[in-house]
Amino acid sequence: EYKHLIGEILHCLKNDGRLIFSGCGATGRLSILLEAMWRNSCKQFPAAEQYASQTASIMTGGDYALVRSVEFFEDFASFGRRQVQELAICEKDLFIAITEGGETSSVLGSVLEAADRGAKVFLLFNNPADLLAEKLERCREVINDPRVTVLDLHCGPMALAGSTRMQATTSEQLVAGAALESALHQ
């Protein structure tokens, strides 16, 4: 799945598509960070500078959620779908959705809308995919969707004290960031 992600990043960029990141809360901030990292990295390499503007990000709750929590927006798949519609995501785009536990309704809604619009879609999360699909209908719908490539980054119980969400987001940043860096060097 990781190699497939790198290949799709390259394909997207070469075909004038956009890399679009989506998340909520900590993963929404990560989505914005990945967009900024991509733009800054491209500017450091003359051969890649043309790709710097081919990116966007979605954070549930929008810009306001960066500075203040927007309660309950994450509970509605329709809100995620609307954000995808507002960006006019299409079949040329690559959509990378990131959710700490794999169950955030707004992010799952954005995944389904991006897939419905023909974008290539990846979903990164840190819980066992089989357990999510077994227990939660909204997760099962997305995880079993053949249009979605799942990167299940579950690594077992968190080993460090502190925020599980922060630890999960760190592993997601590592994987997504490394894929972007690999594509940039290629």
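The values are calculated or read from the model by the stated rules, or taken from the named source; none is laboratory data. Keep in mind the model is a prediction, meaning the values are calculated, not measured. Using ideal geometry, Cβ is built from the backbone for each residue, glycine included, and neighbour counts are taken over all protein chains shown. To get the accessible areas, we keep the full protein, side chains included, count just its heavy atoms, and leave off ligands, DNA and RNA. Shrake-Rupley method; radii C 1.70, N 1.55, O 1.52, S 1.80 Å.
Conditions (1) under 30 Å from Ala48 (Cα atoms); (2) in contact with a Phe, Trp or Tyr (Cβ under 6 Å, 6 or more places away or on another chain), marked per residue:
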position: Ser78; (1), (2): no, no
position: Glu86; (1), (2): yes, no
position: Ile98; (1), (2): yes, no
position: Asn126; (1), (2): no, no
position: Thr149; (1), (2): yes, yes
position: Met166; (1), (2): no, no
position: Val175; (1), (2): yes, no
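For the stretch 33-77, filtering for residues that are of a type outside the set (A, V, I, L, M, F, W, C), open to solvent by 20 Å² or more (accessible area, probe 1.4 Å) and modelled with pLDDT of 60 or more leaves 14. Determine, yes or no, whether Leu30 is modelled with pLDDT of 85 or more, more than 20 Å from His185 (Cβ to Cβ) and either open to solvent by 10 Å² or more (accessible area, probe 1.4 Å) or assigned to a helix (DSSP H, G or I) (or both). Yes: the conditions hold for Leu30. Pairs linking a residue in the stretch 94-107 that is closer than 16 Å to Leu19 by Cβ to a residue that is in a strand (DSSP E or B) and open to solvent by 10 Å² or more (accessible area, probe 1.4 Å), with Cβ atoms under 6 Å and 6 or more positions apart or on different chains, are Leu94/Lys120.
The one condition from (1) over 11 Å from the mean Cα position of the chain (by Cα); (2) of a type in the set (Val, Ile, Thr); (3) open to solvent by 10 Å² or more (accessible area, probe 1.4 Å) that Ile9 does not meet is (3).
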